[in-house]
1. Out of region 40-68, which residues are modelled with pLDDT under 85, open to solvent by less than 90 Å² (accessible area, probe 1.4 Å) and part of a loop (DSSP other than H, G, I, E, B)?
2. Among the residues of region 21-39, are any without any contact (Cβ under 8 Å) to a residue 40 or more places away in the chain, outside any loop (DSSP other than H, G, I, E, B) and surrounded by 13 or more Cβ atoms within 10 Å (Cβ to Cβ)?
3. Could you check how many residues of region 58-81 are of a type outside the set (A, V, I, L, M, F, W, C) and under 13 Å from the mean Cα position of the chain (by Cα)?
Amino acid sequence: MVCRVVGGDWRAGSSPGREASVDGFYAGLPGLHAVVNIAGGFAWAPIADTPAKVLQQQISMNLVSCALSCRAAVANFRKAG
């Protein structure tokens, strides 16, 4: 995931500190008015040939990263009032 805010980039990895990294990123931003999450990673293979590990990677990349960003954004919204 890449987040572009006033020229800055932040990339989410699969490290154990991912939640803290997302929370820290949003906590350091000025008050937000909106957040747009665009998840677009995918594995190009028939479902019958796709191993569970690849499906979990897709869920992590597309769903979990979006959910973590939304959660951290709500905290930013609340802080900004």
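The values are calculated or read from the model by the stated rules, or taken from the named source; none is laboratory data. Everything quoted here is computed from the prediction, not taken from an experiment. Using ideal geometry, Cβ is built from the backbone for each residue, glycine included, and neighbour counts are taken over all protein chains shown. What goes into the accessible areas is simple: the full protein's heavy atoms, side chains included, and nothing from ligands, DNA or RNA. Shrake-Rupley method; radii C 1.70, N 1.55, O 1.52, S 1.80 Å.
1. Gly40, Gly41, Ala43
2. Scanning region 21-39 turns up at least one residue that is without any contact (Cβ under 8 Å) to a residue 40 or more places away in the chain, outside any loop (DSSP other than H, G, I, E, B) and surrounded by 13 or more Cβ atoms within 10 Å (Cβ to Cβ).
3. Residues that pass the stated criteria total 6.
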